[in-house]
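Beneath this line is the structure, given in structure tokens, with notes to follow.
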Amino acid sequence: SGQSEYNLRSPICCIMGHVDTGKTKLLDCIRGTNVQEGEAGGITQQIGATYFPAENIRERTKELKADANLKVPGLLVIDTPGHESFTNLRSRGSGLCDIAILVVDIMHGLERQTIESLNLLKMRNTNFIIALNKVDRLYGWKVCHNASIVKAMKQQSKDVQFEFRTRLTQVITEFKEQGINTELYYKNKDMGKGTFSIVPTSAISAEGIPDLLLLLVQWTAKTMSERLTYNNIVQCTVLEVKVVEGLGTTIDVILVNGVLHEGDQIVVCGMQGPIVTSIRALLTPFPMKELRVKGSYEHHKEIKASQGIKINAQGLEHAIAGTSLYIVGPDDDVEDIKEAAMEDMRSVMSRVDKCGEGVYVQASTLGSLEALLEFLKTPEVSIPVCGIGIGNVHKKDVMKASVMLEKKKEYATILAFDVRVTQEAQELADEVGVKIYTADIIYHLFDQFKAYIDNLKE
Ligand code: GDP
Ligand code: MG
């Protein structure tokens with residue numbers, strides 16, 4: 001699953017877009033599994049990565065008769081929850097993702113988080129393909145399982161074709177309003193030169209899925225051969241810190257470049273300082289499964305990029321998701337690397353105002369904390385922050401937030417994003433009068449806090 005004969009690594013692809021546009025379902029459809037129905041309320045709670053080997057993509061794109069040209073060894077797809085999306089997947093300046101799929105519901109057009117995603121993509125200069133999903137919901141759609149979209153469209157009645165064109169034109173106009181040129185992919189002569197491609201899809205009946213897959217791998221291989229050329233410098237990001245039965249605390253990482261070996265000495269950013277440890281086991285799920293799906297793991301002596309990997313090592317309890325993992329090479333000074341590993345954390349911490357008045361903010365990962373802090377800073381929101389934490393809300397966090405009770409009572413509040421509140425913490429909060437708001441979507445936190453403030457003013 002590592003290198004191809006062309007010495008290219010697999011491109012890393014993020015799926016982004018508004019809630020309920022079908023991001024998880026699209027991944028399920030490509031994978032042939034059903035993660036979406038297993039999720040609470042259908043909303044993706046955690047980040048997963050799926051590796052699709054080239055053979056699989058070849059099989060799925062057979063009918064497009066372009067299979068011989070797959071130069072990349074496969075495709076690594078990352079599914080991202082709601083707002084935190086890209087920011088969470090940032091690896092020190094260089095974007096983790098090589099390309100993104102921006103999912104738009106053909107029945108709804110551009111929505112709030114579509115535009116948020118679009119702005120993140122613009123900001124990071126990341127290329128993307130638009131999946132115009134749910135074409136099967138066009139009234140009278142005739143199902144053509146796994147067909148290319150051109151073929152499927154030919155099977156449709158004049159009415160369906162007309163509705164499709166009307167909705168497509170509307171979406172193209174909405175993108176234009178955001179300053180983005182778009183066009184149906186097979187008509188797009190300007191791809192990569194300012195016009196983004198639209199692939200109509202159905203995640204239910206799989207029309208357009210072959211087109212989407214082929215476009216992803218062909219286009220990344222064609223336009224990013226330099227970026228995708230495998231090299232030995234390890235680039236690796238921690239996605240999640242998890243306790244696994246029988247293994248203890250593990251970290252799920254995305255290896256973007258380089259190679260990891262069992263026994264390698266590694267350094268990761270920790271809540272209480274840098275963590276220096278060594279890799280006890282390198283684990284991957286079996287192909288076509290996702291990291292977050294429970295099951296047995298394959299052990300590896302070494303793994304080459306690109307891959308989603310579970311690492312088992314001692315002392316990972318306080319590791320922080322969203323930061324980089326570093327390897328201590330034979331010529332490296334471990335002190336320098338410890339310094340580098342803590343850099344992500346320091347840069348986020350330094351952005352919190354030390355003015356002494358504000359709410360307490362708690363998030364699941366460094367990246368989501370960063371996204372939340374950025375959001376709270378925007379002029380329309382403008383909520384001051386005086387303290388931050390990562391991970392579940394504990395008593396000590398409530399204690400820190402309670403300091404505001406004396407200064408400015410409404411700021412004795414914890415805004416908790418994508419984390420749980422322990423029972424002791426909630427009890428203490430109720431007792432002393434600290435408010436805790438939790439949400440999985442950032443702007444919901446704002447809505448709750450705003451309602452609370454408005455209520456106080458009345
Ligand atoms: P996410 O929030 O973007 O991950 O969206 P989900 O994948 O959870 O899908 C949201 C809902 O839309 C679910 O009920 C899916 O079954 C449904 N859905 C997703 N894709 C399609 C599609 O292509 N066609 C139809 N008809 N429904 C879809
Ligand atoms: Mg989802």
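The values are calculated or read from the model by the stated rules, or taken from the named source; none is laboratory data. All values reported here derive from a predicted model rather than from experimental measurement. All Cβ positions, glycine included, derive from the backbone under ideal geometry; neighbour counts span all protein chains shown. Accessible surface is based on the protein model in full, side chains and every heavy atom, while ligands, DNA and RNA are left aside. Shrake-Rupley method; radii C 1.70, N 1.55, O 1.52, S 1.80 Å.
Remarks
- If both residues of a DSSP beta bridge must be in region 171-269, then about 65% of such bridges are antiparallel.
- Residue list for region 405-428, given a label point 7 angstrom along the Cα-to-Cβ vector of His444 and an amide N cut-off under 15 Å: 415-421
- Cβ-defined net charge surrounding Gln161, 12 Å radius [Lys, Arg +1; Asp, Glu -1]: +3
- Excluding same-chain neighbours fewer than eight residues apart, the lysines reachable from Lys396 by a Cα-Cα span under 21 Å are Lys354, Lys407, Lys408, Lys409, Lys435.
- In the chain, the portion of solvent-accessible area held by carbon and sulfur atoms comes to 49 percent [1.4 Å probe, whole percent, DNA, RNA and ligands not counted].
- Each Lys or Arg adds one and each Asp or Glu subtracts one; over the other residues with Cβ under 15 Å from the Cβ of Gly263, this totals -1.
- Partnerless cysteines, meaning none of the other Cys C-beta atoms lie under 4.7 Å away, in the chain: Cys13, Cys29, Cys144, Cys236, Cys269, Cys355, Cys386
- Helical runs (DSSP H, four residues minimum) scored at -39500 (n - 2.57) apiece and divided by the length of the chain put the mean residue ellipticity at 222 nm at -9000 deg cm²/dmol.
- Cross-link pairs beyond the 20 Å C-alpha cut-off, checked among Lys134/Lys158; Lys65/Lys151; Lys338/Lys395: Lys338/Lys395
- Accessible area expressed per residue, the chain, with surrounding protein chains retained (probe 1.4 Å, Å²): 44
- Of all aspartates and glutamates in the structure, those lying under 19 Å Cα to Cα from Lys457, and not within fewer than 8 positions of it along the same chain, are Glu357, Glu380, Glu406, Glu410, Asp447.
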